[in-house]
Structures are given as C-alpha cells and as structure tokens.
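Beneath this line is the structure, given in structure tokens, with notes to follow.
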Amino acid sequence: MPSRTIIQTTSVVVVIALVAASLFVGGYNISLGNLFTDPAAAEMFLISRVPRTLALIFAALAMSISGVIMQLITQNRFVEPTTAGTSQWAGLGLLVMLIVFPEAPPMLRMVAATAFAFAGTAVFLAVLRRVAVRSSIIVPLVGIMLGAVVGAITTYLAGTFNLLQAMAAWRSGGFSGIVRGFYEPLWIVAIVAVVAFIVANRFTVVGLGRDLATNVGLNYDKVVLLGVTMVALSTGVSTVVVGFIPFLGLIVPNIVSMVRGDDMRSNLPWVAMIGVGLLLACDLIGRTIVAPMEIPASVVLGALGAAVFIVLVLKQRRTVSA
Amino acid sequence: MFDLKRPRLAVGVLAAGLALALTGCAASAAPAEESAASVTIETNNGPMEVPVEPLRVAALDNTSFATLEAFGVEPVALPKPLLPREGFNEWASDDEILDAGTHREPDLEAISEAAPDLIIGGYRFADFTDELEKIAPVVDVSPSDESEDGFVEGLKTQTTALGAIFNKADEAESLIAGLDEAIEAAATATDGESVFLANVSAGKIDNGAGRIGRLLEPLTLKDVFASEDLDSDSVHVDSGIAPETIAQANPDWMIVLDRDAATADGEVTPAKQVVAAQEAFTKTTFVTKDQIIYLDSYFYVTEGIQAYTDAFESIASAFNAA
C-alpha cells in the first residue's frame, strides 16, 4: 500500500526532526554554530539537552511499550498504565517510601514503586478475571476505577503527612528539571524495550487469548508474568523519575494498529517511534509557549490524549460492537 | 452550653461597643473582666468594629502568629500543622489550644469548640471567612499582594491593627520600626542587581516569584524573569523552569525559599544541597561569587513581619559582605 509507505516515511522524518528540535530548543543559547565553538554551550548541551532528550525518549518508550503489552494481555485496546491503575500504584509506592523511609536513595524508591506497580497490575488482572462483562469499555472503566481509588488513598496519605505539594510537583510529570544526574535510571527502560523486541511474538500470541495461546504451545502464565514485570518496571521507574505520563500508551499503539494491523513484532518499532515523537512534540510545545517558564509535557499530552481517547472510543463503537 | 453562650456573648460585646454602654454587657450576662471597649479597624473587607483585648482568640492567619506571641496573646485555637516546627513548641504541645486543622481541611468543629470571641482569619483561610463568621467575628488584616501598597506595606497595616486590637500599640510600633530599618538597610546595600527568586520544592528548583517577589517591592533589585505577562497572577509563574534557562539568565544573585525544609515531615532535601548538585549553575555569577541567600527554613510558613524583617536583614548583610 503506497499510502502506508508515505505515512511511515513521513513519520520517520518528523521524529528525527523532533529529536533535533529537542536538542536545540531551550532556555540556553545553543545552536549548531556555537556548539563547536563555545565550550560553555557544548557543556550545557551535555548537561541539559542530551539528558532531557534521552529522558523523553526513554519515558515515551516505557509508556508506549507498556501500553502495547497491557493491551495484548487484557485483549483490550483501552488499557495502559494510567487507565489500569499501574501508574497510580507506582505513585502510592513512591509516597509510602517517602513516609516510612524518607532518606531512601532513588534506587530504593524505584524498587518500591516497581513493586507497587507490579502488585497493582496483578490486582487489576485478578479483578478483570472475575468480571463477567468484558466489553471494550468495561475493562478500562474497571482500571480507571481502581486507579482512582488508589489515587484517592495516595492523596489522603499525602495530606495526612503534609506531602501534598511534593506529590503534586511529582505527579505533574515534568521534564523541566531533568539534567545530567537525574535521568540515568531510565536506561533500565531501554533494556526493557530490547526485551520487548525479543519476545514480541509471544505477546502477539497472548493477545489471541489464553486458550488459543496454550493450544499453540505457549506457556501463557509465564509470558503474562513477564509482561506484567516489564510493565511494572518501566512504569515504576519512569513514574519516579518524571511523574505520570497519561494516555501515551493508549494513543500510540492504537494509531499504529489502525495503520498497520496487529502484529506486535513488526509494529513495535513504529509504536516506539511514534510514542517518542508524540512526547517530544508535547514537551516542545510545553517549553516554548510560555517561555521562559514551562508547562509539563504531561499536561499538554493529557489535553491532547483526552481528545484522541474520545475519538478512538467513538470509532471503536462503529467497528466493533462493544 | 458553652458553645451556645459564646457567640451570643461576642455579639453582645460588639453591640456594647457600638452603644458604648456597659449595661449592654451586663444584660448579656458577660463576666465583669470582659473588655467593654471596642475599636474600629480597617480590614481587608472594610472597616470593622472589634472588641479590644478579646479573651479568647482563634488565630488562623499564620502571618500573625509571631506578632501574637510577641503581644503575649495565647490563642485558643490554631492550625497546628501550619506552625513552624521550631519556635512555637509551647503552642504546638499545649493541649488546651485546639487544633484548627489546615486551610485544606479546616476543623471548624474544633474552632467552634474553642469558643473564640474573635477569629484572626484571612490569608490561607480567606476562603472560609463566611463559615467562620458563624462561629465568631472574623477579622482579616492579613497582608496581601492585591492591597494598594503591596504585601510589605500590608505587614505594617496588619501589625498596627493587631496592636490596636490587643492594646499593644507601642509594641506594634517597634515591630514596624524594625521592619523599616531592615528595609532601609537592604535598600542601601542593593543597587539594581539582577536576582533569581527560587522556590525549592520536592527537590526541584522553580521560579518562586509568585511567592517571594514581594521581597523586591521596597528594593531596586531586578527579577530576571519579571515581565508584564508573568505577574503574580499568571498560572505559569510556578509551573516549571529548566536549570539551563536560569543559567542563561545568569543573575547576579539568587534568593531561595526552601519550601521542603518548611513543610516536609519526612523527605527533606535542603535547598542548599539541591542547588549545589545543579551542574548547570556552575558557571553562573551567583554560584561563582557565592551570592545565594537562603531565607529562613520556615519562611514559607512564617511570612509575618518578623520573617520579612529577618529576610531584609539577611539581604542587607549578604549584599554588604559581597
């Protein structure tokens, strides 16, 4: 299909352009010219621009790949870390750590957030197993409900322990403070992404359902466990480092599926790339429209994502009887 | 019974003040030691008749705490979570003083139980004035950015008003003289230097202009991020700023509000540590010349005339030493 080729080529070019823009747009005066002549500019490039761009790329990978995996595991197109409660559980884990062990090093906070994200995803899957009606709308509703309950508990605890503003600052998912020394844990996500590419086929089979997957010789439970672990790890780490990034895991896999169909292995590079492009674009909007101040990328994404979510739901209703 | 009696009594005292008739007091069965006099003061809601030396005072506006303490007034109810963890230990640990909760979740029942004759409201509690009015008369003499002469002048008006209510005009005058002296010293020491006003919260450095821009009112210092569309009403003032943007602005000085130190029970990453860890700042004037002023750890919750006097004194001494 030629139109598909055009779409794909265009998106590669656009994403490369966005990466370049992310490296050269910002509060400090860095241009292609002075990057090589001005040592101060070169240093700031390494301190601020490269880490921020990498953080954006990794966070986008974390959320969009998690979205794909969760959608296949639950066989539902509307599930992703923020609509299944995974992110909210990670947030609760982070807060619990702030309360019981405030001096904990970042690594330990991430362990806590990941453990909570894992438990939360398991709870979501367990609840789902007991829900009789599993239409495309009910499943994310269950997730959003669970997430809201966990979010409410988090807010209550934060209020009780006087951590509300700290939680708000962290929840708003901003990249404005990301510099060298703050984003490094996100490299874990890069590893998760590699693993996702390796085992992509198995997730595609999982997406066919437990019976079919078992019939073709797949250890269904093992693959689901692996998937949940990968999702928990990426969500936990990115939640601690940059906060909530809503809707990315939902929009991107759906857009890619609309264009390319449902093979996870061949879709994954596109999911990763479009996810990166979208988050970079949102961050660039956030850092330019109120410059020198910034709007967190997640806020821009939230506004955009809500609109796309509605479009997807309406489209889904027309094609599949919910 | 107590609860029923007190509000009536307060109304009685007010009426008595208006009529200047002692019999009015006797009619409402007030004890003899209750003050009969009243004074008209200018509040944020217009002129108001207030009893002089009220016996039972609920103090909700945290900017008034230090002044009340200096006047020897012990409140019957206080938002204890807003008390700085140092300096008000006697009030915090006194079970006779009821906890009014916070401005997010005020405990109106506790305030009512304390049966105040007068409530010193406003500032963080300004939204609850109507509800508080049902318990006792509410005076709002808090300093405000909206007031014509600005926040710092508002501190003086507040102190004068409190002096009139508690019959401590001399003490009030000396507090105001102290502030004027500190402002004078700071104004002499500064000469148009550029400054970045920082708010360190949850380990992130943000623009704190919305919160401490008031410090510049009587001084000639220039906020590097001050601009017409970034006045204190703008929602973007505190939404986020990249360290590289601050480095580009390269202010001569930085004044830091350490929000974490003031509020967090657990996670305290002192602002000094956060600023020192910021690689992007290493070449800036304020770092190389060590021109950083950290406001008192509790400035975020004190903010009264004493806190501002201290702040202006530390600005004066820092600039004189530079």
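The values are calculated or read from the model by the stated rules, or taken from the named source; none is laboratory data. These numbers were taken from a predicted model, which means no experiment stands behind them. When we count neighbours, we look across all protein chains shown, and the Cβ atoms used for this are built from the backbone with ideal geometry, even at glycine. What goes into the accessible areas is simple: the full protein's heavy atoms, side chains included, and nothing from ligands, DNA or RNA. Shrake-Rupley method; radii C 1.70, N 1.55, O 1.52, S 1.80 Å.
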(Q) I'd like to know if the range A:134-143 contains one or more residues that are in contact (Cβ under 8 Å) with a residue 12 or more places away in the chain and within 14 Å of another protein chain (Cβ to nearest Cβ). (A) no
Q: From the list B:Asp127, B:Asp180, pick out the single residue that is of a type in the set (Asp, Glu), assigned to a helix (DSSP H, G or I) and either in contact with a Lys or Arg (Cβ under 9 Å, 6 or more places away or on another chain) or within 14 Å of chain A (Cβ to nearest Cβ) (or both).
A: B:Asp180
(Q) Given the criterion open to solvent by less than 40 Å² (accessible area, probe 1.4 Å), closer than 25 Å to B:Asp260 by Cβ and polar (S, T, N, Q), identify the matching residue among B:Thr102, B:Thr129. (A) B:Thr102
Q) Within the range B:149-187, restricting attention to residues that are polar (S, T, N, Q) and in contact with a helix residue (DSSP H, G or I) (Cβ under 6 Å, 6 or more places away or on another chain), which residue is surrounded by the fewest Cβ atoms within 10 Å (Cβ to Cβ)? A) B:Thr160
Q. Which residues, counting only those in the range A:147-168, are more than 7 Å from chain B (Cβ to nearest Cβ) and not aliphatic (A, V, I, L, M)?
A. A:Gly147, A:Gly151, A:Thr154, A:Thr155, A:Tyr156, A:Thr160
Q. Do we have any residue at all in the range A:173-187 that's among the basic types (Lys, Arg) and either without any contact (Cβ under 8 Å) to a residue 12 or more places away in the chain or in contact with a strand residue (DSSP E or B) (Cβ under 9 Å, 6 or more places away or on another chain) (or both)?
A. no
Q) Considering only the range A:81-116, how many residues are open to solvent by 10 Å² or more (accessible area, probe 1.4 Å), of a type outside the set (A, V, I, L, M, F, W, C) and part of a helix (DSSP H, G or I)? A) 4
Q. Since A:Gly177 meets every condition but one in (1) closer than 30 Å to A:Leu284 by Cα; (2) open to solvent by 20 Å² or more (accessible area, probe 1.4 Å); (3) touching a Gly at 6+ places or on another chain (Cβ under 8 Å); (4) part of a helix (DSSP H, G or I), which condition does it not meet?
A. (4)
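Okay, residues lined up against (1) surrounded by fewer than 18 Cβ atoms within 10 Å (Cβ to Cβ); (2) among the basic types (Lys, Arg); (3) under 24 Å from A:Pro185 (Cβ atoms):
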site: A:Val237; (1), (2), (3): no, no, yes
site: A:Gly249; (1), (2), (3): no, no, yes
site: A:Arg260; (1), (2), (3): yes, yes, no
site: A:Asp263; (1), (2), (3): yes, no, no
site: A:Val276; (1), (2), (3): no, no, yes
site: A:Cys282; (1), (2), (3): no, no, yes
site: A:Val299; (1), (2), (3): no, no, yes
site: A:Leu304; (1), (2), (3): no, no, no
Q.
Please list, ordered by residue number, the helices (runs of 4 or more DSSP H) wholly in the range B:191-298 having 3 or more residues that are open to solvent by less than 20 Å² (accessible area, probe 1.4 Å), at pLDDT below 90 and within 13 Å of another protein chain (Cβ to nearest Cβ).
A. B:259-263
Q.
Is it the case, given these coordinates, that A:Thr37 is open to solvent by less than 30 Å² (accessible area, probe 1.4 Å) and away from chain B (no Cβ under 14 Å)?
A. no
Q | Test for A:Pro51: is it surrounded by fewer than 24 Cβ atoms within 10 Å (Cβ to Cβ), within 14 Å of another protein chain (Cβ to nearest Cβ) and touching a Phe, Trp or Tyr at 6+ places or on another chain (Cβ under 7 Å) | A | yes
Q.
If I filter the range A:67-77 for residues that are in a helix (DSSP H, G or I), within 14 Å of another protein chain (Cβ to nearest Cβ) and out of contact with any Pro (no Cβ under 7 Å at 6 or more places or on another chain), do I get at least one hit?
A. no
(Q) Test of understanding: among A:Met293, A:Met258, which residue is touching a Leu at 6+ places or on another chain (Cβ under 8 Å), free of Cβ contacts under 8 Å to residues at least 40 places away in the same chain and aliphatic (A, V, I, L, M)? (A) A:Met293
